[in-house]
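S.K.: Let me begin by handing over the structure; questions about it come next.
The values are calculated or read from the model by the stated rules, or taken from the named source; none is laboratory data. Quantities reported herein were computed from a predicted structural model and do not represent experimental measurements. Counting neighbours? That spans all protein chains shown, and the Cβs are built from the backbone with ideal geometry, glycine included.
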Amino acid sequence: MTRVLGKYTLRIVRELGDFGLFTSRSLAAAVGSRKLGRRVVRSIYEQGVRCVPVIMIVGLFTGLVLGLQGYYVLNKFGSSGLLGTLVSLTLVRELAPVLAALMLVGQAGSALAAELGIQRNSEQIDALETMGADVHAYLISPRLIAAVLVFPIQTAFFCLIGLLGGYLSGSVVLALQPGVYWSAVFHAVHPVDVRECMIKAAIFGLLTIAICAYNGFNAHRRTSASGARAVSASTTRAVVISSITVLAADYVITSFLV
């Protein structure tokens with residue numbers, strides 16, 4: 001038992017070390033990289049524009065559910081006027097950065113892991129390395145830079161759509177006055193809350209896209225599978241680990257910022 005535990009501990013430490021080197025090398029490769037801006041714009045389109053529909057849908061229904069459940073609970077205590085406070089703080093401080101990151105991982109992150117896995121499986125990455133190209137600067141760095149920019153924007157969009165959903169539940173479906181709802185939202189959210197939300201979103205973006213890129217880039221290292229199975233296993237692993245990392249990082253960041 002001790003031997004197995006030690007084996008897995010060493011494996012985890014080795015993976016963390018490899019991941020740290022991979023991420024730091026990718027970030028350092030962005031310095032002085034040629035035509036970086038064009039690749040960053042393409043990555044912003046992949047992580048941003050293509051993911052807007054899922055952000056809108058999930059944000060809207062999150063706000064709708066928060067509005068319904070929040071009104072039901074607050075009305076029991078005669079505090080239905082605080083619905084705007086409940087919805088806005090819940091979204092801005094916790095739900096928006098976490099759910100937006102999970103949705104982006106499910107769409108953009110999984111696509112990135114699969115794309116890099118296929119490129120590794122078809123030896124395209126090996127060909128770039130043979131030609132002397134810096135594959136980190138060409139394939140990874142633009143994605144990481146785009147993630148730091150896109151995730152906060154998508155999170156802010158998620159917050160706005162979620163607040164609209166809370167308004168629809170509280171003021172259109174139920175009996176809360178619109179002015180009461182928006183006034184509570186205005187007085188509840190402070191710059192420190194927005195700052196915490198954006199910090200979380202940027203960190204989640206860097207971590208999750210780096211994890212997805214690392215797993216796709218190293219798909220050939222999955223000794224238990226090869227070919228298409230290796231790509232599938234790496235993509236699944238990337239999404240699972242990224243999702244867990246978002247939740248764990250959310251707790252750590254919140255414990256420092258609260």
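S.K.: Take Gly6 and decide whether it is over 18 Å from Pro152 (Cα atoms) and loosely packed, with under 15 Cβ neighbours inside 10 Å.
M.R.: Values: over 18 Å from Pro152 (Cα atoms): yes; loosely packed, with under 15 Cβ neighbours inside 10 Å: yes.
Criteria met by Gly6.
S.K.: Okay, next question. Mind listing just one residue for me: the one in the range 105-150 that is more than 13 Å from Thr208 (Cβ to Cβ), touching a residue at least 40 places away in the same chain (Cβ under 8 Å) and charged (D, E, K, R) and, of those, surrounded by the most Cβ atoms within 10 Å (Cβ to Cβ)?
M.R.: Out of the qualifying residues, it is Arg120.
S.K.: So which of Ala202, Ala249, Ala233, Ala238 ends up being of a type in the set (A, V, I, L, M, F, W, C) and without any contact (Cβ under 8 Å) to a residue 40 or more places away in the chain? Walk me through it before giving the result.
M.R.: Details: Ala202 fails: without any contact (Cβ under 8 Å) to a residue 40 or more places away in the chain; Ala249 fails: without any contact (Cβ under 8 Å) to a residue 40 or more places away in the chain; Ala238 fails: without any contact (Cβ under 8 Å) to a residue 40 or more places away in the chain.
Result of the check over Ala202, Ala249, Ala233, Ala238: Ala233.
S.K.: For the range 170-184, give me each residue that is surrounded by 20 or more Cβ atoms within 10 Å (Cβ to Cβ) and out of contact with any Pro (no Cβ under 8 Å at 6 or more places or on another chain).
M.R.: Here is the first cut: in the range 170-184, the residues surrounded by 20 or more Cβ atoms within 10 Å (Cβ to Cβ) are 170-171, 176, 181, 184.
If the condition is that a residue be surrounded by 20 or more Cβ atoms within 10 Å (Cβ to Cβ) and out of contact with any Pro (no Cβ under 8 Å at 6 or more places or on another chain), then Gly170, Leu176, Tyr181, Ala184 are the ones that fit.
S.K.: Having 1 or more residues that are in contact (Cβ under 8 Å) with a residue 40 or more places away in the chain, farther than 18 Å from Ile209 by Cβ and in contact with a His (Cβ under 8 Å, 6 or more places away or on another chain) is the bar; report the helices (runs of 4 or more DSSP H) wholly within the range 1-100 that clear it. Even if it seems obvious, please write down each step before you answer.
M.R.: On the way: elements: 2-29, 36-47, 52-76, 83-90.
The helices (runs of 4 or more DSSP H) meeting that bar are 83-90.
S.K.: Right, here's the next one. If Arg195 satisfies all but one of (1) in contact (Cβ under 8 Å) with a residue 12 or more places away in the chain; (2) within 21 Å of Leu99 (Cβ to Cβ); (3) basic (Lys, Arg), what's the number of the condition it fails?
M.R.: (1)
S.K.: Shifting gears a bit: Among the residues of the range 156-169, is any buried (at least 18 other Cβ atoms within 10 Å of the Cβ), in contact with a His (Cβ under 7 Å, 6 or more places away or on another chain) and at negative phi?
M.R.: Looking through the range 156-169, none of the residues is buried (at least 18 other Cβ atoms within 10 Å of the Cβ), in contact with a His (Cβ under 7 Å, 6 or more places away or on another chain) and at negative phi.
S.K.: Do we have Arg38 as over 24 Å from Glu115 (Cβ atoms), modelled with pLDDT of 85 or more and over 21 Å from the mean Cα position of the chain (by Cα) here? Write out each step before concluding.
M.R.: Numbers: over 24 Å from Glu115 (Cβ atoms): no; modelled with pLDDT of 85 or more: yes; over 21 Å from the mean Cα position of the chain (by Cα): yes.
Spelling it out, it is not the case that Arg38 is over 24 Å from Glu115 (Cβ atoms), modelled with pLDDT of 85 or more and over 21 Å from the mean Cα position of the chain (by Cα).
S.K.: While we're on this one: Among residues belonging to the range 204-228 that are surrounded by fewer than 13 Cβ atoms within 10 Å (Cβ to Cβ) and more than 20 Å from Gly20 (Cβ to Cβ), point out the one that is modelled with the lowest pLDDT.
M.R.: Going through the range 204-228, the residues surrounded by fewer than 13 Cβ atoms within 10 Å (Cβ to Cβ) turn out to be 221, 223-224, 227-228.
Now drop any that are not more than 20 Å from Gly20 (Cβ to Cβ), which leaves 223-224, 227-228.
Values: Thr223: 53, Ser224: 62, Gly227: 70, Ala228: 75.
Going through the qualifying residues, I end up with Thr223.
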